[in-house]
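Worksheet for the structure shown next.
The values are calculated or read from the model by the stated rules, or taken from the named source; none is laboratory data. As the structure is a prediction and not an experimental result, all values here were calculated from the model. Note that each Cβ is placed from the backbone with ideal geometry, even for glycine, and that neighbours are counted across all protein chains shown. These accessible areas exclude ligands, DNA and RNA; they are computed on the full protein's heavy atoms, side chains included. Shrake-Rupley method; radii C 1.70, N 1.55, O 1.52, S 1.80 Å.
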Amino acid sequence: MRTAMITLDGKAYPLCFSTRVVRSCHERYGGIDQIGQALSGNDLMEVLDETLWLLSAMLDAGYRHAKLNGEESPEPPDQETLYDLCGMDDLAGLKASVMESMSAGASHSVDAQPPKNATATQGKKETTGQSAPSGTSGTD
């Protein structure tokens, strides 16, 4: 799950880019690939509105995610309250927090262990400078 934390008015809240948020974004923007455009438009008030809408959706999803996992989380502010909590000077940081949550978990890591009978040189290829066609000894 793509999650991050944000601090608003001295309280830490989880943000979550859940499938509920993805669905809402798809309905609002026509696809999640349009989110970046909505958050970087030329009209500052539209950017503010879209950032706070998305932040509100992700705060709600973070609260739901925390509760489902038995974690403590303060009740998140709604979108209207965010207008009172956040200043225009917070906009860049808010957008960064939203984007961080969206991208968190986007890259997956896999812990792979070699098979029990693997040798220490596994993965290294020895070259002799000559290559033989497959299935032959390379001699005439």
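Percent of accessible area on the stretch 1-108 owned by carbon and sulfur, 1.4 Å probe?
The C+S portion of the solvent-accessible surface of the stretch 1-108 is 47 percent.
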Taking a quarter of the surface of the convex hull around the Cα atoms of the stretch 12-66, what do you get in nm²? 3.8
List the residues whose amide H sits under 5 Å from the amide H of residue 15, counting only those 5 or more places along or on another chain, with H placed 1.01 Å from N in the peptide plane. 4, 5, 6
Cut-off 15 Å between beta-carbons: net charge of the residues surrounding residue 92, Lys and Arg +1, Asp and Glu -1: -3
